[in-house]
1. When you check residue 62 against the structure, is it modelled with pLDDT of 90 or more, within 20 Å of residue 259 (Cα to Cα) and aromatic (Phe, Trp, Tyr), yes or no?
2. What pairs come up if the first residue lies in the range 271-292 and is over 19 Å from residue 26 (Cβ atoms), the second is in a helix (DSSP H, G or I) and modelled with pLDDT of 70 or more, and their beta carbons are under 9 Å apart, counting only those six or more places apart or on different chains?
3. Exactly one of these conditions fails for residue 288: (1) in a helix (DSSP H, G or I); (2) modelled with pLDDT under 85. Give me its number.
4. Could you list, in sequence order, the residues of the range 235-244 that are of a type outside the set (A, V, I, L, M), part of a helix (DSSP H, G or I) and within 24 Å of the chain's Cα centre (by Cα)?
5. Test residue 128 against the stated conditions and say whether it is of a type in the set (Val, Ile, Thr) and at pLDDT 80 or above.
6. With the requirement that a residue be charged (D, E, K, R) and surrounded by fewer than 18 Cβ atoms within 10 Å (Cβ to Cβ), what does the range 36-62 give you?
7. Which is in contact (Cβ under 8 Å) with a residue 24 or more places away in the chain and surrounded by fewer than 18 Cβ atoms within 10 Å (Cβ to Cβ), of 232, 201?
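The values are calculated or read from the model by the stated rules, or taken from the named source; none is laboratory data. Fair warning: this is a prediction, and the values are worked out from it, not measured in the lab. No Cβ is skipped: glycine too gets one built from the backbone with ideal geometry, and neighbour counts run over all protein chains shown.
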Amino acid sequence: MLDSLASAAWLWVPCTLFAAAAQTVRNAAQRSLTDEVGPLSATLVRFMFGLPLTFAWVALLYWGDGGPGSTARLPDFNAPYLGWIGMGAFFQIFATAALLRAMQERNFAVAVTLSKTEVLQVGLFSVVLLHELPTGMAVVAMLVATLGVLTLSLPRQGQMLSWRAWCSKSALYGLLAGAGFAISTIGFRGGALALGDGVAPWVAGAWGVLIAQTLQSIGLGGWVAWRTGLGPIFRSWRTSLLAGNMGAAASLAWFTAYAMHNVADVRTLGMIEVVFSYLVSRRVLKESLSRPEQIGIALMLVGLVLICLPLGA
């Protein structure tokens, strides 16, 4: 059953949609933690509190005679694989911290959207580093969606030609987050490719998340413990658990999608997270979006439709 699913060309789509939804919940939980414990501690929560869930998923894959892990060999953790995963883990920490700072500058939906400048950068890096060429339709979809991002990047009171608007703190943090997420995505996709075709995508994804989160928990955890201590995040354990578990679930789905399909398409469709964030912003956080922000989200939805058109061909 699982082997037949692995060959389904469309399976990366539900994995990506689930990842985007889980990531929206994680972002909302992390945002509430940022004011309490600071950006770095809130970033650590994503990795450290999600590690048990990731470990449990890996164990489940290898549990029993009939499970997928019983027919899939232990991956070959070669040097290129570990290098790719290590690069992805480092830049994911950087990008998450920048995203949380962006959230402090603008409202929730816009801050998340600013990080989506990663899409064009993913397309560029995937060509240079992975030699994966996006299709013409994918390029159009990325351009339209990125135009929506640029529309959203302007402050509410700014003008389209205002240099100050384009150089604002929110734009800077969003661009930094986008660059970090782009490089980390390339690293995780590169890791999946380094394992070869003999490893099922969910197995490759699970191991990638487990190794990355372990490195991130040790590295960032040691820094936070030295600078501020771990007490604050454990005192907020309920929110920390929610952010960590949703982050782990999102990462497992992202990594599985990366193992199945090229990253440019995956990250473009993943921009549906902006719509989810909009719903959270309006319904939960009671925030409103301006007309330019609404236009930007509409443009992004057009891009998402375009990226999915080849599936129906």
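1. Against the criterion (modelled with pLDDT of 90 or more, within 20 Å of residue 259 (Cα to Cα) and aromatic (Phe, Trp, Tyr)), residue 62 does not qualify.
2. Sorted first by the residue in the range 271-292, then by its partner, the pairs are 289/278; 289/296; 289/297; 292/151.
3. (1)
4. Scanning the range 235-244 gives 237, 238, 239, 240, 244.
5. So residue 128 fits the description; yes.
6. Result: 36, single match.
7. 232
Residue-wise test of (1) modelled with pLDDT of 90 or more; (2) closer than 17 Å to residue 102 by Cβ; (3) of a type in the set (A, V, I, L, M, F, W, C).
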residue	(1), (2), (3)
143	no, no, yes
148	no, yes, no
170	no, yes, no
176	no, yes, yes
